[in-house]
Every structure is written in C-alpha cells, then in structure tokens.
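Shown next, in structure tokens, is the structure this report addresses.
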Amino acid sequence: MTNLESHAYRRIVLVWIALMALLLLTFGSAYLKLGAWNNAINLGIAAVKALLVAVFFMHLRSASTMLRIVAVIALLMLALLFGLSHTDYATRTMQRVPWQTPPKSQNAEGGG
Amino acid sequence: MSEAMHAAQFDSAAQQEEAATLGIWVFLATELMFFGPLFFGYYYGRSHFPDGFAAASRHTEVMLGTINTAVLLTSSMLMAIAGEARKANATRLATRMLLLVAALGIAFLVIKGIEYRHEWQERLFPGAGFFFPEHQHAAAARMFYFLYFGMTGLHALHLTIGIVMVLVFALGLSRGARRFANAERIEVAALYWHFVDAVWIFLYPILYLVGRSSG
C-alpha cells in the first residue's frame, strides 16, 4: 500500500466517522422538544451528510467544472420545480370534496 | 497495460473516463427528477397535515430505520474504498470491499423487509385493510404510508439494481476479469451507489424522525 493510497483510505474513514456522528446527532436531537427547530435540524443534518457524500465519496472536490455544473444544475432544477409547485399549492385553500356532506348548512353561516 | 486502453472515439483514457463520469452524473440528475416528485408529495402532505404526518411518522420503526441508515452509510464508505483500491490496482482489496458492499446492501433489504412485515401486521399498509389508531389523523396517515411505501419501495428497487451491479463487478474481479471490472466502471457503479445512499439520507429524517419529540 503506497502512502498516497493509505492517505485516501484514511480520509474516507474520517468522512464515515463524521457521517455516523451526524446520524447519532440527528437521531438524538429528534427526541428533544425543540418545536419547529426539530425539522430544521433534521433537514440541515441530512443536507450536510449528503454534501459529505457528494464532495468526498462522489469526488466532487476534485471533479472537473463540467461535472460540478451538472450536479448543481440537477439541484437547481429540483429547487425550481419545488418552488413553482409550492406557489401553486400555497395560494389555494383546501376545498372539501364536493360530494361530502357539509358539516353545517351553508345558510347558517352567512345568515342569508 | 491493456486496461489503460481507450475506445477509438476518445483521444485518451482520461477523456474516456471524463465522458463516463459525465454520463453517470447526467443519469443521476434524471434520477433526482424521478425521486423529486415523491419528495414534493411528502412536502405537500407534511405542510398541509402537519399533525397527521407527525402522528403517522411515530408509527414507523425508528430503531430499524436508524440501523439501516448506519448500514447504508457504512456500505458507501466501503464502496469508496473499493473505488480507490481498484484505481491503485489493489484488486484483492477491491473485490473484498465490493462483496462487503453487496452484503450490507442485502442486510439493508432484509431489515427493510422486517419493517414492512411489522407495518403489514399493524395494518399500516395503505390498502383496503388500512387502520390507524388515532382516527382523526387516519386520512393523513394513509397518505403518509402511501408515500412511505412508495419512496422506500422505489429506493429498495434502486438498491437492488446496485447490489446486482456491485456483485457482477466483484465476481468479475475475483475471476481476474480486470478489463471488464476496470477502475472506470467501478467508479461509475460507486457514483450510483452513493446517490442511492444520499436519497436515503433524506428519507431517514422525513419518514422516521418527524414528530418523535411530540405526542
């Protein structure tokens, strides 16, 4: 095993240790009563873990510009579709399905 | 060495490797679009029925899910080592690592199967027999479990394809088929494997950890 090789293996193992630590952190923090912060922490840790995998295991740190652009465009595209779909769902109120019996007579609410 | 040869349409082995890597990255980009709508479906449900999704998430097997995340992260580490070893022509180490990766992948599927069996017995499969104990959340929980089975099922399908691919390269390498299982192809298989791992990294918190601290 050459020096360069063992160096590469060591870095891979270090990344794995970081991933496992983050896994324990997200698992543990999920049981703390932090309200909305639970979601933010869970998703933040997931993003950091995925970034570690992408940068070190998937070699984005030493990848050519073209590969990096493809990776970033994929994420941007997904973000764009999420954003556009979000505007659609966020600006509509939920309607009860038409064949469902309304809980109250509609006349009772408006008085007319 | 014959492995370093490149196909006629490329100027050099380096260019061929770049093209292969670019190809798999573009494929992974389309895979992201494949998984994306399911994640958006989840985002819609979670934002419109936050309590129902939290209640439903509390019924998943969090211990098994956490163990499975560790299994998959470890398999990714071994896959990265296999790629480096193959590149350095340490074929025996690469073969062993690939076999371990496949074994961990199978272990993941077995654990996932145990989970599915529990959920089937608890009548959480969103079919005709679906039953959710917290009745006010039953409709949202049905949607959650529809997404749960859809997302983990699609992920398991991808993992199965990855296991087959890794096993084929491991067997090829152990039989001395060094040109067939060359560093470039193992790198492409590794990129696919890491992507499937990255998808699970996001599935884990949204399916298992939501609502654990409340209710």
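Let me know the number of lysine pairs in the protein assembly as shown closer than 30 Å at the Cα, not counting same-chain pairs under 8 apart.
Details: A:Lys33/A:Lys49; A:Lys33/B:Lys112; A:Lys49/B:Lys87; A:Lys49/B:Lys112.
Close lysine pairs under the 30 Å cut-off: 4.
Based on other C-beta atoms within 10 Å, arrange B:Tyr148, B:Tyr42 from fewest to most.
Working: B:Tyr148 26, B:Tyr42 22.
Placing the least packed residue first, the sequence is B:Tyr42, B:Tyr148.
Of B:His135, B:His59, how do they rank once you tally other Cβ atoms within 10 Å and put the fewest first? Intermediate results must be reported in sequence, preceding the final value.
Numbers: B:His135 9, B:His59 19.
Placing the least packed residue first, the sequence is B:His135, B:His59.
What does the helix-only formula give at 222 nm for chain B: each DSSP H stretch with n ≥ 4 adding -39500 (n - 2.57), the total divided by the residues, and the result rounded to the nearest 500 deg cm²/dmol?
Details: 6 runs with 160 residues, N = 215.
After summing the helix terms and dividing by residue count, I get -26500 deg cm²/dmol.
Sort out for me the Cα centre separation of segment B:22-55 from segment B:160-174, rounded to whole Å.
Segment B:22-55 and segment B:160-174 have Cα centres separated by 28 Å.
What is the dipole size for chain B, taken about its Cα centre, with +1 at each Lys and Arg Cβ and -1 at each Asp and Glu Cβ, in debye to the nearest 20? Don't jump to the answer; show the numbers that get you there.
Details: 15 positive and 15 negative charges, 98 e Å.
The calculation lands at about 480 debye.
Using a Gaussian network for chain B with springs between C-alpha atoms less than 10 Å apart, which of these wobbles most: B:Ala189, B:Ala29, B:Ala156?
The residue with the greatest mean-square fluctuation here is B:Ala29.
Counting other beta carbons within 10 Å of each residue's own, what order do B:Trp120, B:Trp25 fall into, fewest first?
Numbers: B:Trp120 12, B:Trp25 23.
Exposure proxy ranking, most exposed first: B:Trp120, B:Trp25.
Read-outs throughout are calculated quantities, based only on the coordinates presented, and are distinct from any laboratory measurement. If you're wondering where the values come from, they're calculated on a predicted model, not measured in any experiment. When we count neighbours, we look across all protein chains shown, and the Cβ atoms used for this are built from the backbone with ideal geometry, even at glycine.
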